[in-house]
Amino acid sequence: LNDNPSHYKITLSGTVKSPKINFDPPFLMLMPVPLDVKTETAINIIPQDYLRQSQIQVELPELELEDGDRIYPFSVQFPEGRDIVLSSDGTNKELICHISFRSSRPVSFLGNMFFTDEEGN
């Protein structure tokens with residue numbers, strides 16, 4: 001290039017991949033249990049296309065009972081942590097999440113739990 005009037009054209013192309021989270025199993029059905037007895041199951045959270053560390057957040061549903069009381073019968077635990085980590089081979093490590101339910105009042109629920117990363121994905 002150095003003072004040479006020739007022009008060079010460079011064309012770049014690429015694909016942008018947005019980070020996403022998949023689940024195994026993709027939906028959850030907890031078995032009915034007697035009042036005030038905990039039922040629990042584990043799910044695998046499979047992060048994909050994360051290029052930097054992030055952390056999973058969970059929004060648990062609030063249930064309204066027939067008498068108007070509100071309860072939070074669900075809880076989650078991440079025995080190995082909530083961090084999405086990029087491994088040396090460029091993939092993201094799966095996370096284990098334990099979801100449990102316990103209620104001292106009769107309740108039935110069909111709905112969503114929201115799992116997001118720090119950027120709201």
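Please go through the range 25-67 and pick out each residue that is free of Cβ contacts under 8 Å to residues at least 12 places away in the same chain, of a type in the set (A, V, I, L, M) and closer than 15 Å to Cys97 by Cα. Listed by number, the list holds a single entry, Met29. Screening Lys17 with (1) assigned to a loop (DSSP other than H, G, I, E, B); (2) closer than 25 Å to Gly120 by Cβ; (3) open to solvent by less than 60 Å² (accessible area, probe 1.4 Å); (4) not aromatic (Phe, Trp, Tyr) gives one miss only, at (3).
Given the condition touching a residue at least 40 places away in the same chain (Cβ under 8 Å) and out of contact with any strand residue (DSSP E or B) (no Cβ under 9 Å at 6 or more places or on another chain), answer yes or no: does some residue in the range 98-111 qualify?
Looking for residues that are touching a residue at least 40 places away in the same chain (Cβ under 8 Å) and out of contact with any strand residue (DSSP E or B) (no Cβ under 9 Å at 6 or more places or on another chain), one finds at least one in the range 98-111, hence yes.
The test for being under 11 Å from the mean Cα position of the chain (by Cα) and open to solvent by 80 Å² or more (accessible area, probe 1.4 Å) holds for Glu94.
The values are calculated or read from the model by the stated rules, or taken from the named source; none is laboratory data. Computed from a prediction, not measured in an experiment: that's the story for all the values here. Every residue, glycine among them, receives a Cβ derived from its backbone with ideal geometry; neighbour counts consider all protein chains shown. In case anyone asks, the SASA skips ligands and DNA or RNA and just uses the protein heavy atoms, side chains included. Shrake-Rupley method; radii C 1.70, N 1.55, O 1.52, S 1.80 Å.
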